[in-house]
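S.K.: Attaching a single structure in structure tokens format; questions to follow.
Read-outs: derived from the displayed coordinates by stated rules, not from any lab. All values derive from a computational prediction rather than experimental measurement. Counting neighbours? That spans all protein chains shown, and the Cβs are built from the backbone with ideal geometry, glycine included.
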Amino acid sequence: MYYVDGRWVEAAEAYIHPEDRGYQFGDGIYEVFRIYQGKIYQWEAHYTRLARSAKELQIAFPWTSSELQSIAEQLLDKNSITETDDAILYMQVTRGTAPRQHEFPEGLRPILSAFARKKERPRAEMQNGIAAALIPDIRWLRCDIKSLNLLGAAMAKQQAKQQGAFEAILHRDGTVTEGSSSNLFVVKDNVLYTHPANHLILHGITRQIVIALAGTLSLEVREETFDAEFLKQADELFFTGTTVEVMPVVSLDGKPVGSGQVGEVVRKLQEAFEGTIG
């Protein structure tokens with residue numbers, strides 16, 4: 001079952017107006033929530049970011065946290081996601097429907113849609129590590145907004161796939177930013193490095209959790225820029241994200257990262273993250 005603009009419908013009954021601005025302009029926002037054993041993980045953090053994205057794009061956002069959470073809980077129930085299941089929940093808000101014009105029409109009613117489906121955790125990849133490819137960052141300059149404008153990210157992910165990699169590591173004018181759908185950390189001499197949370201990256205929820213966990217493990221975190229040469233000298237690399245969790249990178253552009261095995265720092269962070277799931 002899907003939730004579309006106030007209605008519960010089967011997939012075949014879902015309807016998007018041809019002049020929905022999300023469809024024509026990517027004029028909308030979204031969040032992906034992780035479900036662990038039937039429970040929504042980090043609800044308030046994701047809700048807060050969704051509301052912030054709406055504010056940054058001047059999209060009306062009339063829903064309270066409790067109203068959206070009620071819809072989310074009903075989605076889990078209607079899709080038979082129980083306390084034994086892991087899943088994802090997707091929520092999207094578009095500016096609304098209006099005759100096509102580039103400037104924002106006034107007085108539009110925003111349209112909310114959502115779905116949930118069972119999705120296993122990437123345990124094998126987290127255990128063994130994955131390959132990454134260095135790809136130019138061609139995305140727009142407001143990556144801090146979780147908008148529907150994902151074509152640049154999708155193109156990077158596809159290019160990485162065609163190179164035999166699981167994920168892209170993006171770089172902009174020589175500066176490494178993040179993954180196509182994840183944040184990136186470099187480990188060098190037991191210090192963690194990650195791009196500052198400015199307009200060039202998404203301030204990831206899992207990224208924030210990992211930075212806090214690093215503090216409990218007495219690991220220093222430096223939020224500063226670095227280039228591809230520094231990246232290639234890493235002892236360890238890993239991605240963070242709602243669906244990838246803490247994902248080790250063991251090869252970059254076909255060459256091993258560090259020893260070519262999952263490192264000790266990543267293992268400690270994976271274990272600490274597991275403890276937050278409950």
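S.K.: What's the number of the only condition in (1) touching a His at 6+ places or on another chain (Cβ under 8 Å); (2) farther than 24 Å from ILE277 by Cα that ARG49 fails to meet?
M.R.: (2)
S.K.: Ok, one more. Return a yes/no flag: does segment 31-43 have any residue that is crowded, with 19+ Cβ neighbours inside 10 Å, closer than 28 Å to GLU103 by Cα and touching a helix residue (DSSP H, G or I) at 6+ places or on another chain (Cβ under 6 Å).
M.R.: Looking for residues that are crowded, with 19+ Cβ neighbours inside 10 Å, closer than 28 Å to GLU103 by Cα and touching a helix residue (DSSP H, G or I) at 6+ places or on another chain (Cβ under 6 Å), one finds at least one in segment 31-43, hence yes.
S.K.: Give me the residue from segment 230-251 that is touching a residue at least 24 places away in the same chain (Cβ under 8 Å) and part of a helix (DSSP H, G or I) and, out of that set, surrounded by the fewest Cβ atoms within 10 Å (Cβ to Cβ).
M.R.: Among those residues, the one meeting the criterion is PHE230.
S.K.: I'd like to check which strands (runs of 3 or more DSSP E) are fully inside segment 170-227 and have at least 2 residues that are in contact (Cβ under 8 Å) with a residue 24 or more places away in the chain and crowded, with 22+ Cβ neighbours inside 10 Å.
M.R.: Those strands (runs of 3 or more DSSP E) span 175-179, 183-188.
S.K.: Need the failing condition index for GLY254 against (1) closer than 23 Å to ARG49 by Cβ; (2) surrounded by fewer than 21 Cβ atoms within 10 Å (Cβ to Cβ); (3) in contact with a strand residue (DSSP E or B) (Cβ under 8 Å, 6 or more places away or on another chain), just the number.
M.R.: GLY254 satisfies all of (1) closer than 23 Å to ARG49 by Cβ; (2) surrounded by fewer than 21 Cβ atoms within 10 Å (Cβ to Cβ); (3) in contact with a strand residue (DSSP E or B) (Cβ under 8 Å, 6 or more places away or on another chain) except (1).
S.K.: Do we have any residue at all in segment 46-64 that's over 28 Å from TRP140 (Cβ atoms) and without any contact (Cβ under 8 Å) to a residue 40 or more places away in the chain?
M.R.: Yes - at least one qualifying residue is present in segment 46-64.
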